[in-house]
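For reference, the structure is listed below as structure tokens.
The values are calculated or read from the model by the stated rules, or taken from the named source; none is laboratory data. Just so it is clear, the structure is predicted and the values come from calculations on it, not from any experiment. Cβ sites come from the backbone with ideal geometry, for glycine too, and all protein chains shown count toward neighbours. Accessible surface areas use protein heavy atoms only, side chains included; no ligands, DNA or RNA. Shrake-Rupley method; radii C 1.70, N 1.55, O 1.52, S 1.80 Å.
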Amino acid sequence: MKNDYLPHKAKITSIQKESFDTNTYKVVFDDKKIKDTFDYKQGQFAEISVLGVGEAPISITSSPTRKGFLEFSIRNTGKVTRAIHDLKVNDPLFVRGPYGNSFPYDELKGKNLYFIAGGIGLPPLRSLINMVMDNRKEFGHVKILYGAKTPDEVCFKKELEEWKNIPNTEVWLTVDKPCDGWGCSVGVVTELWKETNVHPENAVAILCGPPIMIKFVIARLAESGFKDIDIVMTLERYMKCGIGKCGHCNIGEKFVCIDGPVFTYNQVKAFPTKEHAF
Ligand SMILES: Cc1cc2nc3c(=O)[nH]c(=O)nc-3n(C[C@H](O)[C@H](O)[C@H](O)COP(=O)(O)OP(=O)(O)OC[C@H]3O[C@@H](n4cnc5c(N)ncnc54)[C@H](O)[C@@H]3O)c2cc1C
Ligand code: FES
């Protein structure tokens, strides 16, 4: 009988430090068949576990266009993530999934895209960003607007430089507290509206970040003329099973683990609780 809760064993093949509390883990499944057939979509998540400790839902930050491995950017916030941060290259990590819906892809073709992220909100968007970069000609202008507390907390520093050099692509950074030599903006992510045009024509905005950031970004997008349906976001919710069985993640009739984590703003507005109403 198939066991939905059975994770697959994988090996950590590299660890990239992103900031003082966040690392990106590249993992490869031990079983060649799983490695070759594990199929996921941009924006999905997996349940990652350390034996004897527990599991946590983590977005798959690698792009489905890049095969043979998975990447997870993990912030050390609690029991499981602390145990993952204690692991080293070649240590085992257990993965079950992929779960959840995904960012629209075909619907975004030909559109101008605004990726707007705060802090650890960039990793969940990176899967789609790299998928877009790997098929760059299929999309219009791309702007990445990214805010972090300090320059040290900016994730994917090398990749942000690479994205900036791709034609028809812009990267705008801001931090709350700059350090010596910081050459970009200072202030919250909506400050970037002063630096660059954010225009709704033929555009979709894709957001991920803390609720307070999402709230202010949505307000600025609305002021700029974006329709609710053209604002897409990925939500976090306390989860257990990841497969619609335990009821930990539901908001009204919706289960964030199966109906989400990706929602348009008009879907979020229809949620019965104010918690995610922004
Ligand atoms: C779809 C999805 C994608 C995610 N992607 C990422 C990712 O890419 N990278 C990443 O670093 N994190 C991600 N997270 C968040 C991550 O799953 C949580 O931070 C998770 O709780 C970490 O597990 P832990 O055992 O290390 O921490 P925990 O021990 O669970 O503690 C983490 C925090 O959650 C709080 N908490 C614990 N229990 C509850 C509860 N019952 N209700 C509310 N709060 C509680 C704790 O107080 C603490 O502040 C994602 C979450 C979801 C739902
Ligand atoms: S996490 Fe169990 S129902 Fe969604």
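Listing for the model above:
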quantity: Mean ellipticity per residue at 222 nm, deg cm²/dmol - from DSSP H runs of n ≥ 4 across the chain, formula -39500 (n - 2.57); calculated: -5000 deg cm²/dmol
quantity: Calculated over region 154-249: convex hull of Cα atoms, volume per residue (Å³); calculated: 162
quantity: Cα-based equivalent ellipsoid, region 47-154: semi-axes from gyration tensor eigenvalues, Å; calculated: 28, 17, 11
quantity: Of T190, F69, T22, farthest towards positive along the dipole that unit charges on Lys, Arg, Asp, Glu beta carbons give the chain; calculated: F69
quantity: Whole-number D in µm²/s for region 8-99 (Stokes-Einstein; Kirkwood sum over Cα pairs; 4 °C, 1.567 mPa s); calculated: 100
quantity: P(r), alpha carbons of the chain - 5 Å bins starting at zero, rounded %; calculated: 1, 6, 12, 17, 19, 18, 14, 9, 4, 1, 0, 0
quantity: Beta bridges per DSSP with both ends in the chain, % antiparallel, nearest 5; calculated: 60
quantity: Rounded to the nearest 10 Å², the accessible area of K11 at probe 1.4 Å; calculated: 80
quantity: Dipole magnitude (debye, nearest 20) for the chain, charges at Cβ of Lys, Arg, Asp, Glu; calculated: 520
quantity: Relative contact order (%) - region 1-119, alpha-carbon pairs under 8 angstrom, separation at least six; calculated: 32
quantity: GNM flexibility winner over the chain from I129, I84, I166 (Cα, springs under 10 Å); calculated: I166
quantity: Charge-dipole axis of the chain as Lys and Arg at +1 and Asp and Glu at -1 on Cβ define it, positive-most pick from N90, V175, C208; calculated: N90
quantity: Neighbourhood net charge (12 Å Cβ-Cβ; Lys/Arg +1, Asp/Glu -1) for P92; calculated: +1
quantity: Separation of alpha-carbon centers, region 112-166 and region 221-236, rounded to whole Å; calculated: 17
quantity: Added length on full extension, which subtracts the Cα-Cα distance from 0.36 nm per residue, R66 to D30; calculated: 11.2 nm
quantity: Unit charges on C-beta of K, R, D, E only; dipole of region 1-60, Debye; calculated: 240
